[in-house]
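Have a look at the structure below, then the notes.
The values are calculated or read from the model by the stated rules, or taken from the named source; none is laboratory data. Model, not experiment: these values are computed from the prediction. Please note: Cβ atoms are built from the backbone with ideal geometry, for glycine as well, and neighbour counts cover all protein chains shown.
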């Protein structure tokens with residue numbers, strides 16, 4: 001099976017325990033197809049962000065597998081995992097996490113620098129992505145852009161390396177309801193156009209109207225955020 | 001866009017602290033380079049000032065003082081050598097050069113050296129470099145004066161200018177011009193020659209004949225005795241005809257190096273307890289032997305400053321870690337490996353060192369320029385420090401290496417930055 005034929009995300013028997021408080025997350029299974037969209041909601045502290053970090057390979061599970069585009073990300077070690085993440089997983093954060101001191105286009109190109117994308121493609125792709133998302137001031141410093149524009153730059157950066165999967169962690173938490181709807185539309189449209197699967201985690205119930213596939217983390221993972229067994 | 005862009009942007013984001021640290025490194029590296037350049041240049045300059053005299057005889061307190069007073073004009077010598085002793089000294093050996101000098105008067109604080117015509121024909125201000133006249137000639141008769149290039153430059157005196165001399169150094173105890181100094185207004189000198197620059201303290205002196213010097217002091221003697229008259233050479237008595245030093249050169253075949261008889265003549269003259277005998281070249285070496293320990297201290301201080309600037313790099317980078325952690329976490333999410341982050345931060349500190357070292361070369365140039373101008377202006381010592389390429393490369397490499405070492409701790413901290421914690425708390 002070629003990597004394009006694998007689902008964007010396959011989670012099986014995922015178990016994660018953390019810290020003195022005994023935080024535990026158990027997720028028996030979760031699959032996200034190529035180009036599929038899904039909203040994962042849940043109460044604060046139930047482990048939504050932790051799940052995204054597990055999927056991105058930023059933290060290691062206690063047991064279980066997380067496959068992104070058919071690759072078990074946790075079997076990759078060190079730089080190989082980092083390169084794979086850069087190539088295959090795009091991330092959008094609540095606070096966007098743009099690099100200060102870098103322009104809009106540079107923020108997008110940094111993502112390409114970290115991947116193995118041919119250098120000749122960087123500038124044209126970054127420009128095209130940003131223009132598609134309605135950013136005209138490509139050389140404007142990120143910190144001088146409006147909140148909405150910063151969010152679009154963050155989306156462009158997440159999609160820069162043509163990832164199989166985009167993870168969005170509370171992408172509307174810092175926006176008002178009107179902008180929140182716009183932001184979700186921009187995110188979905190962009191991912192759809194680029195063929196990337198989208199997994200949004202949020203505690204905002206108003207987002208549910210935008211997604212055909214909606215899940216509650218507490219339902220998928222009944223022990224999410226609970227005290228681990230001794 | 002490259003890794004270097006990320007490093008440069010990171011430095012630009014912390015522009016103020018980056019500039020301060022770069023300047024600190026530049027000043028430290030520049031000072032170290034300047035001291036390295038000046039120490040050898042200073043020694044060369046002092047050796048240059050001793051001229052071609054094998055021996056200097058005076059009645060100063062020590063041979064070193066004798067050289068400082070007689071050749072570097074630090075102070076007017078106090079104890080004179082009388083004519084009888086001078087004649088005895090002249091007759092004691094077939095000297096190749098026997099040039100008496102009397103240093104004591106001044107013109108606008110510049111020392112006046114009364115001497116014999118041989119001073120211009122036999123004495124070389126710098127070994128192997130005889131006097132050259134920019135204008136005019138040596139003095140022929142009394143009350144003619146030849147001025148050094150520095151005097152001409154600073155006083156504006158030109159050929160044919162008239163001037164009167166001041167008794168003593170013309171300076172107060174504080175070393176500044178003394179307005180109440182006694183001027184020999186009765187006797188005017190005429191400038192008949194301007195010397196070309198020699199790069200020695202002689203550039204800041206005026207030269208005249210011994211007879212006119214003696215006449216000035218005989219005039220003072222007559223004044224003290226209550227006799228007011230125009231003194232002529234015929235009025236001079238033995239008491240007037242004194243000198244403060246004698247520059248001696250022994251005959252030698254090749255005109256270079258110390259002649260075999262130097263040691264024996266030196267010993268012979270030293271046996272005369274009334275005289276102070278100095279081998280100028282040796283005294284300069286001795287002076288530098290004394291100065292060298294201070295010199296090493298300066299070098300150690302400059303090196304310590306350089307090390308402290310490395311600590312400044314370390315501190316500034318550690319202080320920026322809180323904002324850097326977020327940047328590191330973002331880069332890690334985008335695909336940067338821990339090792340790549342390590343090198344990015346290490347490159348940042350190395351660039352600070354490299355730019356600081358490069359600027360340090362300019363700082364060194366500025367320090368050398370200012371110090372050479374000051375030495376030339378204040379003491380007539382022309383030093384020609386050369387920025388030794390080897391020293392420059394070693395200091396630049398050392399500075400860069402120190403900066404890189406200073407960057408290791410912040411680089412390790414960046415390497416170990418937990419990504420998840422710096423993006424959003426777990427849970």
- If we scan the stretch B:285-299, do we find a residue that is more than 14 Å from chain A (Cβ to nearest Cβ) and in contact with a strand residue (DSSP E or B) (Cβ under 9 Å, 6 or more places away or on another chain)? no
- Query: Out of the residues in the stretch A:21-50 that are within 12 Å of chain B (Cβ to nearest Cβ) and loosely packed, with under 15 Cβ neighbours inside 10 Å, which is nearest to residue A:64 (Cα to Cα)?
  - Reply: A:22
- Item | Pairs where the first residue, in the stretch B:195-207, is assigned by TED's automatic domain parsing to the domain that holds residue B:114 and at positive phi and the second is modelled with pLDDT under 90 and assigned to a loop (DSSP other than H, G, I, E, B), C-beta under 6 Å, 6+ apart | B:199/B:382
- Item | Number of positions in the stretch A:35-72 that are assigned to a helix (DSSP H, G or I), in contact with a helix residue (DSSP H, G or I) (Cβ under 7 Å, 6 or more places away or on another chain) and more than 19 Å from residue A:191 (Cβ to Cβ) | 1
- Message: Of everything in the stretch A:171-196, what is buried (at least 22 other Cβ atoms within 10 Å of the Cβ) and within 14 Å of chain B (Cβ to nearest Cβ)? Give them in sequence order.
- Response: A:171
- Task: Determine which member of the set A:129, A:220 is surrounded by fewer than 21 Cβ atoms within 10 Å (Cβ to Cβ), more than 14 Å from chain B (Cβ to nearest Cβ) and either within 30 Å of residue A:83 (Cβ to Cβ) or touching a residue at least 24 places away in the same chain (Cβ under 8 Å) (or both).
- Result: A:220
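For residue B:99, are the conditions met, namely being more than 25 Å from the chain's Cα centre (by Cα), modelled with pLDDT of 90 or more, in the same structural domain as residue B:69 (by TED's automatic domain parsing) and not in a helix (DSSP H, G or I)?
The answer is yes for residue B:99.
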